[in-house]
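*Asks:* What follows is a single structure, and I will ask about it in a moment.
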Amino acid sequence: MLDVIVIGAGPAGMTAALYASRSNLSVLLIERGAPGGQMNNTAEIENYPGFDRIMGPELAEKMYSPLEKFGTKHAYGIVEGINDCGDYKEVKTDSEIYQTKTVIIATGCEHRQLGVKGEQEFAGRGVSYCAVCDGAFFRNRKLLVVGGGDSAVEEALFLTQFASEVVIVHRRDELRAQKIIQNRAFANPKISFLWDSVVTEIKGNKMSMTGAVIENVRTKEIHEEEAGGIFIYVGLDPLTEAFKDTGITNEDGWIITDTQMRTSVPGVYAVGDVREKELRQVTTAVGDGSIAGQQVFQFIEEQKDPKTTV
Ligand code: FAD
Ligand code: NAP
């Protein structure tokens with residue numbers, strides 16, 4: 001019987017594991033891939049206090065390295081469900097069933113697809129959701145970036161180091177991204193914008209994509225934009241399929257918690273991007289993780305002696 005299982009080793013899960021382990025609890029951190037979460041797909045992070053700017057994977061490594069020292073165990077696995085057995089929970093992965101007194105869900109989210117013709121057909125042959133992973137394949141090519149949020153604009157800036165030009169296609173006439181990121185994009189000579197525009201189809205030949213059909217949503221004008229690649233950043237969906245039967249999510253799948261990161265199931269917590277929250281950032285993920293990591297200690301103490309106030 002473990003004290004805590006943390007599901008997901010992004011910044012939220014790693015911080016929760018750190019805090020719980022430092023309280024001398026037995027902690028198992030289960031991750032389906034490499035530790036680091038979305039930081040592994042981020043070129044540079046410049047809004048994490050203490051670092052002027054740092055590569056995402058480097059920050060991931062810095063967060064992961066102290067965990068072993070404090071006794072966190074790490075297992076590879078894809079969590080498929082949680083069973084609430086009253087005093088304890090069962091966490092089922094693709095290969096094991098673990099028993100634990102508490103669970104901290106830190107599974108984050110995944111990129112949303114556009115859902116247009118050609119998107120799946122040319123995935124990996126021009127269509128990408130990760131500039132850090134695929135940007136270097138597009139040296140001296142013209143690229144499209146879809147979306148107007150932080151991800152789209154920041155990754156468009158990143159892509160300018162490889163691409164001959166980057167066209168941001170956004171469905172409105174103003175960006176959602178933070179002003180500082182917007183201003184950099186407006187000042188970058190390699191970046192241009194197609195405002196009030198949506199991609200309706202991605203086209204290509206047998207080898208790879210060759211362009212996209214763009215519709216102006218105001219004028220209804222349609223044209224084909226030639227491009228060697230398209231990077232899609234149209235938002236995120238929560239990774240909560242494994243928890244859909246627990247009653248802890250809202251109608252869109254985000255997990256509802258209180259300010260102590262407690263879900264409606266006693267002993268089950270949620271932290272980071274997977275929560276219903278306003279600001280999804282590394283800083284807020286880390287903040288959530290520290291709160292939950294400390295809350296599980298109090299919960300376990302209270303179970304030992306129900307008179308203890310939390
Ligand atoms: P994640 O980082 O998403 O980690 C979740 C982890 O859970 C993943 O490792 C995943 O593999 C694992 N997991 C999921 N499901 C399962 C399962 N069933 N079983 C086992 N493991 C599972 N924020 C900033 O502050 N600054 C930035 O510059 C910045 N740039 C960004 C750039 C991009 C392109 C994107 C998409 C986001 C960026 N963000 C940035 C946001 C930031 O990355 C997230 O807010 C943060 O990573 C959330 O942390 P998390 O731990 O909640 O989730
Ligand atoms: P986001 O903020 O949800 O933005 C998604 C963008 O895609 C919006 O501009 C949206 O348009 C557009 N969009 C949505 N659906 C679309 C569709 N079907 N067709 C065309 N366009 C569509 O997502 P994100 O940019 O990935 O950011 C996710 C989170 O990570 C945010 O909390 C963000 O702050 C954080 N993040 C932070 C940083 C950083 O701090 N540097 C970097 C990256 C991400 P509308 O604007 O019209 O809604």
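Here is a yes/no grid of residues against (1) within 15 Å of ligand 1 (Cβ to nearest atom); (2) touching a residue at least 12 places away in the same chain (Cβ under 8 Å); (3) open to solvent by 50 Å² or more (accessible area, probe 1.4 Å); (4) under 23 Å from Val296 (Cα atoms):
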residue: Ala106; (1), (2), (3), (4): yes, yes, no, yes
residue: His111; (1), (2), (3), (4): yes, yes, yes, no
residue: Phe158; (1), (2), (3), (4): yes, yes, no, no
residue: Ile181; (1), (2), (3), (4): yes, yes, no, no
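*Asks:* If you take the residues in the stretch 50-66 that are within 11 Å of ligand 1 (Cβ to nearest atom) and among the small types (Gly, Ala, Ser), which one is surrounded by the fewest Cβ atoms within 10 Å (Cβ to Cβ)?
*Replies:* Filtering first and then ranking leaves Gly56.
*Asks:* Does the stretch 60-117 hold any residues that are among the β-branched types (Val, Ile, Thr) and farther than 24 Å from Ile255 by Cα, and which are they? Even if it seems obvious, please write down each step before you answer.
*Replies:* Residues of the stretch 60-117 among the β-branched types (Val, Ile, Thr): 72, 78-79, 82, 91, 93, 97, 100, 102-105, 107, 116.
Thr72, Val116 - these are the residues of the stretch 60-117 that are among the β-branched types (Val, Ile, Thr) and farther than 24 Å from Ile255 by Cα.
*Asks:* Residues that are open to solvent by 20 Å² or more (accessible area, probe 1.4 Å) and either over 23 Å from Ala163 (Cβ atoms) or free of Cβ contacts under 8 Å to residues at least 40 places away in the same chain (or both): which strands (runs of 3 or more DSSP E) entirely in the stretch 201-269 hold 2 or more of them? Break it down into steps so the answer makes sense when it comes.
*Replies:* On the way: elements: 209-216, 222-226, 229-232, 236-238.
Here the list reads 209-216, 222-226, 236-238.
*Asks:* Among the residues of the stretch 40-49, write down those that are more than 11 Å from ligand 2 (Cβ to nearest atom) and surrounded by 14 or more Cβ atoms within 10 Å (Cβ to Cβ).
*Replies:* Narrowing the stretch 40-49 to residues more than 11 Å from ligand 2 (Cβ to nearest atom): 40, 49.
Of everything in the stretch 40-49, just one residue is more than 11 Å from ligand 2 (Cβ to nearest atom) and surrounded by 14 or more Cβ atoms within 10 Å (Cβ to Cβ), namely Asn40.
*Asks:* Tell me whether the stretch 9-26 contains one or more residues that are near ligand 1 (Cβ under 10 Å from one of its atoms), surrounded by 15 or more Cβ atoms within 10 Å (Cβ to Cβ) and in a strand (DSSP E or B).
*Replies:* To start, the set of residues in the stretch 9-26 that are near ligand 1 (Cβ under 10 Å from one of its atoms) comprises 9-16.
Next, only the ones that are surrounded by 15 or more Cβ atoms within 10 Å (Cβ to Cβ) stay: 9-16.
Filter once more, so that each one left must be in a strand (DSSP E or B): none.
No: the stretch 9-26 contains no residue that is near ligand 1 (Cβ under 10 Å from one of its atoms), surrounded by 15 or more Cβ atoms within 10 Å (Cβ to Cβ) and in a strand (DSSP E or B).
*Asks:* Shifting gears a bit: Name the single residue, out of those in the stretch 130-166 being over 26 Å from Arg280 (Cβ atoms) and among the aliphatic types (A, V, I, L, M), that is farthest from the chain's Cα centre (by Cα). Reasoning before the result, please.
*Replies:* Within the stretch 130-166, the subset over 26 Å from Arg280 (Cβ atoms) is 136-142, 162-165.
Within this subset, residues satisfying the condition of being among the aliphatic types (A, V, I, L, M) are 136, 163.
Details: Ala136: 22, Ala163: 25 Å.
Here the residue is Ala163.
*Asks:* Could you tell me which of the residues Gly81, Gly115 is outside the structural domain of Gly289 (by the TED database) and surrounded by fewer than 22 Cβ atoms within 10 Å (Cβ to Cβ)? Break it down stepwise before answering.
*Replies:* Working: Gly81 fails: outside the structural domain of Gly289 (by the TED database).
None of the others qualify; the one that does is Gly115.
*Asks:* Since Asn83 meets every condition but one in (1) closer than 30 Å to Gln294 by Cα; (2) of a type outside the set (Gly, Ala, Ser); (3) near ligand 1 (Cβ under 10 Å from one of its atoms), which condition does it not meet?
*Replies:* It is condition (3) that Asn83 fails.
*Asks:* Could you list, in sequence order, the residues of the stretch 38-77 that are in a loop (DSSP other than H, G, I, E, B), over 17 Å from Val4 (Cβ atoms), in contact with a Ser or Thr (Cβ under 9 Å, 6 or more places away or on another chain) and at pLDDT 95 or above?
*Replies:* The answer is Tyr48, Pro49.
*Asks:* Report yes if some residue within the stretch 293-303 is under 21 Å from Met39 (Cα atoms) and either among the acidic types (Asp, Glu) or surrounded by fewer than 14 Cβ atoms within 10 Å (Cβ to Cβ) (or both); otherwise report no. Break it down stepwise before answering.
*Replies:* Filtering the stretch 293-303 down to residues under 21 Å from Met39 (Cα atoms) leaves 293.
From what is left, the residues that are either among the acidic types (Asp, Glu) or surrounded by fewer than 14 Cβ atoms within 10 Å (Cβ to Cβ) (or both) are none.
No, because not a single residue in the stretch 293-303 is under 21 Å from Met39 (Cα atoms) and either among the acidic types (Asp, Glu) or surrounded by fewer than 14 Cβ atoms within 10 Å (Cβ to Cβ) (or both).
*Asks:* Pairs, please: C-beta under 6 Å, at least 6 apart or cross-chain, first residue under 15 Å from Gly10 (Cβ atoms) and among the small types (Gly, Ala, Ser) and in the stretch 277-299, second within 11 Å of ligand 1 (Cβ to nearest atom) and open to solvent by 10 Å² or more (accessible area, probe 1.4 Å)?
*Replies:* Ala285/Pro11; Gly289/Thr15; Ser290/Thr15
*Asks:* Could you tell me whether the stretch 66-80 includes any residue that is among the polar types (S, T, N, Q), more than 30 Å from Glu155 (Cα to Cα) and away from ligand 2 (no atom under 16 Å from the Cβ)?
*Replies:* Our first condition is that a residue be among the polar types (S, T, N, Q); within the stretch 66-80, this holds for 72.
Those still in the list that are more than 30 Å from Glu155 (Cα to Cα) too: 72.
Now narrow it down to the ones that are away from ligand 2 (no atom under 16 Å from the Cβ): 72.
Yes, some residue in the stretch 66-80 is among the polar types (S, T, N, Q), more than 30 Å from Glu155 (Cα to Cα) and away from ligand 2 (no atom under 16 Å from the Cβ).
*Asks:* Across the stretch 203-227, what is the number of residues that are of a type in the set (A, V, I, L, M), out of contact with any Ser or Thr (no Cβ under 9 Å at 6 or more places or on another chain) and within 15 Å of Glu119 (Cβ to Cβ)? Steps first, please.
*Replies:* Taking the stretch 203-227 first, the residues of a type in the set (A, V, I, L, M) are 207, 209, 212-214, 217, 222, 227.
Checking the rest, the ones that are also out of contact with any Ser or Thr (no Cβ under 9 Å at 6 or more places or on another chain) come to 207, 209.
This time we only want the ones that are within 15 Å of Glu119 (Cβ to Cβ), so: 209.
Residues that pass the stated criteria total 1.
The values are calculated or read from the model by the stated rules, or taken from the named source; none is laboratory data. Please read all numbers here as calculations on a predicted model, not as lab measurements. All Cβ positions, even for glycine, are placed from backbone atoms using ideal geometry, and neighbour counts span all protein chains on display. Remember, those area values only see protein heavy atoms, side chains included, never the ligands or the DNA or RNA. Shrake-Rupley method; radii C 1.70, N 1.55, O 1.52, S 1.80 Å.
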